[in-house]
Amino acid sequence: MTNLIIHYFDLFGTAVFAVTGALCGVRHKLDLLGVVVFGCTVGVGGGILRDAIIGAVPVAALKDKSYLLICIISALTVFFIARKLSNLSKVIAICDAVGLGVFTAIGAAKGAVYELNTIGIILCGVLTAVGGGILRDVMSKSIPVVLTSDFYATASLLGGGLFCILAGFTELADFTKFLTVSIFVTSIRLGAMYLKLRLPVARCADNDSAERIQ
């Protein structure tokens, strides 16, 4: 029962991320296929990268057809009702924060199953949560949002660290650890959005210096 609940959370996160990816495709004025590709990339890209790196093959997204089906359905929905979704930007942002927390917890848990060290577990969580978005931004020729956004990848890193701490408490149920990490990451992300917090941004002395570095 617990694994089934986590699986449903995973599918929810996949759908939310697919929606954000498809919206990016719409903003870049891609055709129908392009929007679907962006939706699938963000929805399952992070998980595919994670599984490929740790040797969990065939990757989960290609073993369970529900992942790609949800991505395709979500992307098609966005393509046809994109104008109406503009009024739901806050709702989508909140759902995206929830998806970030869910994917971080699931990725870290999979890293633990494969007996990775602490750094490996944390990076598994981060890669699952932000890998698809990085691929999307590279495809759209943009600097990855996770390197410039307010406490996005940072929230995932902290969540991965919390998972490693909780792993030492063997009396805690796996679902409790999953839920705790998910809520922790989501709360940090939402708090940063509300307070408009962000990490310090790198600055050059002047524009000429920036041009010389480039």
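The values are calculated or read from the model by the stated rules, or taken from the named source; none is laboratory data. Source: prediction; values computed, not measured. Side chains are part of the model used for accessible areas, which takes the heavy atoms of the whole protein and leaves out ligands, DNA and RNA. Shrake-Rupley method; radii C 1.70, N 1.55, O 1.52, S 1.80 Å.
As a test of reading the structure, rank 197, 33, 100 by solvent-accessible area (1.4 Å probe, protein chains only), most first.
Working: 197 80, 33 120, 100 0 Å².
Accessible-area ranking of 197, 33, 100, largest first: 33, 197, 100.
How large is log10 I(q)/I(0) at q = 0.18, 0.21 Å⁻¹ when the Debye formula is applied to the Cα atoms of the range 1-144, each weighted equally and without solvent?
Here the Debye-derived log intensity ratios amount to -0.98, -1.28.
On the first, second and third principal axes, largest extent first, how far apart are the outermost C-alpha atoms of the range 73-214 in Å?
56, 43, 30
Helix-only mean residue ellipticity at 222 nm, the chain, DSSP H runs n ≥ 4 weighted -39,500 (n - 2.57), per residue, nearest 500. What is it? Intermediate values should be presented prior to the final figure.
Values: 9 runs with 165 residues, N = 214.
Helices in the chain give a 222 nm mean residue ellipticity of -26000 deg cm²/dmol.
Heavy-atom accessible area per residue, the chain, 1.4 Å probe: how many Å²?
Working: 12020 Å² over 214 residues.
Value for the chain: 56 Å² per residue.
How much of the accessible area of the chain, in percent, comes from carbon and sulfur atoms when a 1.4 Å probe is used?
Heavy-atom surface of the chain belonging to carbon and sulfur, 1.4 Å probe: 67 percent.
From the cross-link list 63/110; 84/196; 110/177; 65/110, which pairs have alpha carbons spaced over 21 Å apart?
Values: 63/110 16 Å; 84/196 26 Å; 110/177 13 Å; 65/110 19 Å.
Flagged as over cut-off: 84/196.
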